[in-house]
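Here the structure is laid out as C-alpha cells; the discussion comes afterwards.
The values are calculated or read from the model by the stated rules, or taken from the named source; none is laboratory data. Everything quoted here is computed from the prediction, not taken from an experiment. Quick reminder, even Gly has a Cβ in these numbers, built from the backbone with ideal geometry, and neighbours come from all protein chains shown.
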Amino acid sequence: MSEQTTEKTKLSRRDFLKLGVGALSALAVLEVSGASLLFLQPRSLDGEFGGQVIAGLVDSFPPGSVVEFPDGRFYLIHAPDGGFLAVYRRCTHLGCSVSWEPAQNHFFCPCHASSFDIVGDVENPPAPRALDTFPVHIDAGQVIVDTSSIQTRDNFAPDQLVYA
Amino acid sequence: MSENNQTWRQRIFYTTQTDDRSRMRAVANNLILHLHPTKVPAPALRWTYTWGLGGLSATLALLLIITGVILTFRYDASVERAYTSIQYLETQVAFGSLVRALHHWSANLLVVTAFLHLIRVFLTGGFKLGRSTNWIIGLVLLLIVVAFNFTGYLLPWDQLAYWAITVGTSLLSYVPLVGTAVANFLLGGPEVGQAALRNFYAIHVAVLPALLVMMMSYHFWKVRKDGGISQPPTEPGERVERLTTIPHLVQIEFAAAAVLILGLFVWAAFVPAPLEALADPSHPTNPAKAAWYFLGLQELLLHMHPLAALLLPGIILGAFVAIPYLDKQEDNIGRYFRSAVGKQIALLAALYAIGLIPLLVLLDEYWLDLPALLPGLPTLISNGLIPLALTLGGLAAVYLLFRTTNKANKSEALVGLFVFVMVSLLLLTLIGIFFRGPNMALVLPF
C-alpha cells in the first residue's frame, strides 16, 4: 500500500519540505519588505503646506499682481485678464525656490538661472517645464488653494486660470 | 621567561624574542596578525608604491566613528533644534568645536584618500590576478563614503546643507518611472523637511556605519585572501626579500596614522567646520552649490539635461566595475602605468584633458546652444542624449587614438582613458569650486 503511494506522488517528502520552506521564506521576505516600506512611507508635512490654504478675498488681489505665501510654498497669481493661478515655488529644474522679481516681471531661480514668466511658463532654461500648480477654487469670494496635490504641466494653457 | 613575568607591553608586542623564527611563532595569535600576514614582501612596504592610502583611509574611518559617536550625544535631529544644537556645540560645549571640526575635516579628507586609493590601485593594476572581487568591494566602499558625506551634509541644517540636499535629491526625480517615488521615499515627503532630516540622520548614524564596518572587514580579509597587495610577478628563480610584519609594517602604519592624526588635530584646532545661516526654505543661496566633491557633477548639470548628467557618471562607474574583465593582461601587475608606453600615454591623456575640458566648458557657456540649434527636438534629446553621445564618442576617440597612433595595447590604452576621465573630473570640480559665481555664471576667482 505504501509503495503504491510513493509511486503515484512524484514529490518526495524531502522535496515537499524543501519547497515549503523555500516558499514560506520568500513570503516572509515579501512581508518584511512590505512592512518596511509601509513603516518608512513618506509622511505628509505638518502645518499649512499639504492642506487647504485660504489665501484671502478675491478683491484683495489686484489683476497683474503676484503674492507669495511662504508657508503654503506657492505664489498666487492674479493674471492681468482676471484669472487666478497658484504656482508651486519649487523650480522644475532642481527644486530651488524661485523668487518673484517685479522689476523684470518674472520668476527667477538663483541656482541655475532659470526664469519663468508671470503665468509660470519657461522664459529661460535649463528648467524643462512650466512651474507646477496647485488647484484653486473660489468659495464665497475667498480664494482657496489646495496644496495637497501638485499638478505638473508642460506649458501654460488658458484653461489653467480660475475666474471668480 | 615565563608567561607570568611578562609585562603587558611584552605581551602585546612580543618583544621578548630576539630571532625571527621565535618571534613569528610568538606572534601567531597576536591581534595584529589577524589583519596582516606574519611576513610581507619588502617591496610591498615601499611608501612610494601604496602611499599608505588604504591605511590612512582606515585611520580616518576610525577617527570618524569615534568623533561621530561623541557628536551624537550633543546633536538633536529636529528641524527646530538641529541648527541650535550645532551652534551650542560650536560656542558652549567644551571641545565641541574641535570634535566637530575633526569630524568634518576627516570626512572631507576621507573622500580624497579613498579616491586616491582607487587611483593608486587602478594605476598599479591592483584589480588583477584574482583581485577583481576586492576591486568591486572597494568601489562599494567608495559609494558608502560618498553616501556618508551626502547624508551628513544635511545634519547641520544650515543654508548650505538645505540647498545642497534639495538640489541633490531633485536630481533623482529625473530618473524615469521610479525617480520621484524614490526621492519622496528618501525625503519622507515632497520637500526637504523634518522627515528628511530624521531619515538622513538614521541612515548616517546607523545604516551606513553598519555597512561600512561589514564592507571594511570584508575588504581587509580579502586582501589577505588574495595573497597580499599587488606586486610585480617574480622571474623564475628570483627571490623577493620578506620582512616580518612586526615591526616593519606595523611601524610604518602607526607612524603614518600618528602623523595624520596629529596633522588633523592641528588643522581642526585652527580651522573650525563651517556653519552658514539657518536653513531658509524660501530663499536659496546664490550661487547654490553642492558639496565640493559633487561640484564636478554639478558642472555637468550646467551643460546637460539632468538625466544625461546622471547617466554619464553611471556609465563611468559601470566601466570601473567592468575594468577587471576588460583588462586581463596580468604580467604588468604591480607597475605604475603598466609600462613605459603606458606612462607616456598617461601624460598625454592628462595634457589632452587639460587642453580640452576648459575649452569645451567655455564653448558651451558662450557659443554652443544645442536646444536653439535643434528647435524641433525635446530638450531631453537636444540637451541630453546628444551631448551624452558626443561625450561617450569623445572618450571612445581618445581610446582609439592611443590604440592607433601610440600603438598601445588594450591595458595601456585603458590607463590613458582612465587618466583622461580622472583629470577631466578634477578639472570640472575645480571649475565648479573656483570659477562659478552668482547664478552659476563663469567668473574669475580673484
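Examine segment B:354-364 for a residue that is within 14 Å of chain A (Cβ to nearest Cβ) and assigned to a helix (DSSP H, G or I), and state whether such a residue exists.
Step one: filter segment B:354-364 for residues within 14 Å of chain A (Cβ to nearest Cβ), giving B:364.
Now narrow it down to the ones that are assigned to a helix (DSSP H, G or I): B:364.
Yes, that holds for at least one residue.
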Given the conditions (1) modelled with pLDDT under 95; (2) over 19 Å from B:GLU80 (Cα atoms); (3) away from chain A (no Cβ under 12 Å), every one holds for B:GLY168 apart from (3)
In contact with an Asp or Glu (Cβ under 9 Å, 6 or more places away or on another chain) and of a type in the set (Phe, Trp, Tyr), is that true of B:PHE402?
-> yes
Under 7 Å between Cβ atoms, at least 6 apart or on separate chains: pull out the pairs that start in segment A:137-164 with a residue that is within 14 Å of another protein chain (Cβ to nearest Cβ) and end on any residue that is of a type in the set (Gly, Ala, Ser).
-> A:THR147/A:GLY50; A:THR147/A:GLY51; A:THR147/A:GLY72; A:SER148/A:GLY50; A:SER148/A:GLY51; A:ASP154/A:ALA130; A:ASN155/A:ALA130
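Could you say which residue among B:ILE144, B:ILE203 is touching a Ser or Thr at 6+ places or on another chain (Cβ under 9 Å), more than 9 Å from chain A (Cβ to nearest Cβ) and assigned to a helix (DSSP H, G or I)?
That would be B:ILE203, the only listed residue that is touching a Ser or Thr at 6+ places or on another chain (Cβ under 9 Å), more than 9 Å from chain A (Cβ to nearest Cβ) and assigned to a helix (DSSP H, G or I).
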Selected residue (criterion: farthest from the other protein chains (Cβ to nearest Cβ)) from residues of segment B:396-446 that are among the aliphatic types (A, V, I, L, M), outside any helix (DSSP H, G or I) and within 17 Å of B:LEU362 (Cβ to Cβ) | B:LEU444
Please enumerate the residues belonging to segment B:171-184 that are among the β-branched types (Val, Ile, Thr) and either assigned to a loop (DSSP other than H, G, I, E, B) or at the interface with chain A (Cβ under 9 Å from one of its Cβ atoms) (or both).
-> B:VAL175, B:VAL178
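Could you please let me know if B:VAL167 is buried (at least 20 other Cβ atoms within 10 Å of the Cβ), among the β-branched types (Val, Ile, Thr), closer than 23 Å to B:HIS283 by Cα and not assigned by TED's automatic domain parsing to the domain that holds B:LEU380?
Yes; evaluated as a whole, the condition is true for this residue.
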Find the helices (runs of 4 or more DSSP H) located wholly in segment B:244-328 whose residues include 1 or more that are charged (D, E, K, R) and surrounded by 14 or more Cβ atoms within 10 Å (Cβ to Cβ), and list them.
-> B:250-270, B:295-303
Counted residues, segment B:38-57 - those being modelled with pLDDT of 85 or more, surrounded by 14 or more Cβ atoms within 10 Å (Cβ to Cβ) and part of a loop (DSSP other than H, G, I, E, B) = 2
Which residue pairs have Cβ atoms under 7 Å apart, sit 6 or more places apart or on different chains, and have a first residue in segment B:274-285 that is facing another protein chain (nearest Cβ under 7 Å) and a second that is not in a loop (DSSP other than H, G, I, E, B)?
-> B:PRO281/A:SER97; B:PRO281/B:TYR162; B:SER282/A:SER97; B:HIS283/A:SER97; B:PRO284/A:SER97; B:PRO284/B:TRP163
Among residues of segment B:187-200 being out of contact with any helix residue (DSSP H, G or I) (no Cβ under 6 Å at 6 or more places or on another chain) and aliphatic (A, V, I, L, M), the residue nearest to the other protein chains (Cβ to nearest Cβ) is B:ALA195
